[in-house]
Structure formats: structure tokens, C-alpha cells
Amino acid sequence: MDFYFGIDLLQQLRQYYEGRLSLALAKGFDQQDAKYHWLFKELECRVSTLRKLMSMISVLPEFMCRQTEEQIFAMVIGHTTTWFSNENLGGEQPRDAKGNCLYYQDTNPYWVDMCEAMDRFTLSYDYTHLSTFYADLVEYIVMTVRLYFFIREKQFRPIDRGKYDELVGVKAALPTPA
């Protein structure tokens with residue numbers, strides 16, 4: 001059985017980062033000369049990314065009814081692949097001795113999760129079941145943003161102080177029993 005994070009995780013992340021962004025604004029970190037301006041900029045990036053994703057996901061069902069699966073994929077993939085450019089990730093990404101980027105290997109669980117989400121779309125995938133297609137696209141988006149924020153956490157100064165795995169893991173998406 002597949003486990004789907006769905007938009008719940010994106011909503012939780014947005015609320016978490018929005019709260020931290022509000023606190024950063026209240027402390028004046030948005031000022032260029034502030035000691036923690038870098039933190040403000042990273043929080044702003046994450047909140048902006050999550051807000052755009054939530055907007056895209058909200059219009060996706062209507063878009064799916066009017067476009068071919070190729071056009072739908074082009075829109076979703078085109079939006080998410082730009083995140084992984086060297087420009088967007090602050091320069092060259094670390095590589096192993098063979099020249100392979102460390103973030104895009106099977107040793108990275110976020111990479112594996114994103115690949116598994118993408119691998120659902122096989123040649124025999126039934127695109128006529130729009131509800132399943134929508135759920136699988138949303139899951140691909142969620143897994144991709146998890147990988148993107150993980151890389152940002154590694155490429156720049158970590159803003160989640162070693163708690164990123166807990167923040168975006170399965171435990172984060174499951175409700176706590178009473």
C-alpha cells in the first residue's frame with residue numbers, strides 16, 4: 001500500500017514557515033543589514049514556494065479537465081524542475097568522486113521518494129481516472145518540494161537546525177492519536 005502525504009504536509013509546512021517568517025519580520029530580520037537577514041530570505045523563499053504550489057494545486061483539477069496529460073505534465077514538471085538549477089541552489093552542487101551530485105542518488109531518501117512518485121506514471125498508467133491522476137500529481141509535487149527544501153537545507157545555512165527530517169517525515173503528516 002502506498003502512503004500519500006498529500007496537501008496536508010504542504011499546509012503544515014506553510015503554517016510552520018509562515019509563523020517563523022512573521023517572527024523574523026517582527027524582529028527586523030527583513031532589513032538588509034540585519035544579522036539574520038539570510039534567515040528571513042530563506043523563510044521568504046520557502047513560504048513563497050509553498051504558496052505558489054498551493055495555488056497551482058487548487059487550479060489543477062480544472063486545468064486537468066481541459067488539457068492533455070502531456071500538457072499537464074509539462075506544466076507541473078516545468079514548474080518544479082526550475083528549482084534544481086545551480087542558479088536557484090546557490091551555485092555548484094556537491095559531487096562524489098565519480099562526478100555525480102550527492103543529492104540525486106539512491107542514498108538520499110528524499111530523492112528516492114521523489115523518484116518513486118514519478119515512477120507511478122508508467123506507459124500503462126491510466127490517465128482517464130482523473131482523481132487518481134490528480135492524487136499522484138499532487139504526491140509528485142509534495143515529494144519534489146521535500147527534496148528541494150532538503151537540498152536548500154544542505155546548500156545554505158540550515159534553518160531547521162537538524163530537525164528537517166522530523167518536519168517533513170511520515171510522523172509530520174500523521175495526526176497524533178488522542
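The values are calculated or read from the model by the stated rules, or taken from the named source; none is laboratory data. It should be emphasised that the depicted structure is a prediction, and the values quoted were computed from it without experimental measurement. Glycine gets a Cβ as well: all are built from the backbone with ideal geometry, and neighbour counts include every protein chain shown. Surface areas here come from the heavy atoms of the whole protein model, side chains and all, with no ligands, DNA or RNA. Shrake-Rupley method; radii C 1.70, N 1.55, O 1.52, S 1.80 Å.
Key figures
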read-out	value
Shape category assigned to the range 70-119 from the gyration tensor of Cα positions, a/c cut at 1.5	oblate
Computed over the range 1-146: relative contact order in percent, which uses C-alpha pairs under 8 Å that are six or more apart	26 percent
Probe 1.4 Å - accessible area at GLU62, Å² to nearest ten	110 Å²
Accessible-area value, ARG95, 1.4 Å probe, nucleic acids and ligands omitted, Å²	120 Å²
Using alpha-carbon coordinates, inclination of helix 6-26 to the longest axis of the chain, degrees	20 degrees
Rounded tilt (10° steps) of 37-66 against the dominant C-alpha axis of the chain	20 degrees
Zero-based 10 Å bins, Cα pair distances in the chain, whole percents	8, 34, 35, 19, 4, 0
Helical contribution to [θ] at 222 nm, DSSP H n ≥ 4, -39,500 (n - 2.57), averaged over the chain, rounded to 500	-20500 deg cm²/dmol
For the range 91-175: span of alpha carbons on each principal axis (Å, largest first)	43, 38, 20
Angle between the chain longest axis and helix 109-119 axis [Cα atoms, degrees, rounded to 10]	30 degrees
Farthest positive-ward along the chain dipole, Cα basis, beta-carbon charges - from LEU50, ILE159, ALA24	ALA24
22 Å Cα-Cα reach of LYS52 towards lysines, excluding residues that sit fewer than 8 places from it in its own chain	LYS41
Cα gyration tensor, the range 1-85 - rounded (a/c under 1.5), prolate or oblate	prolate
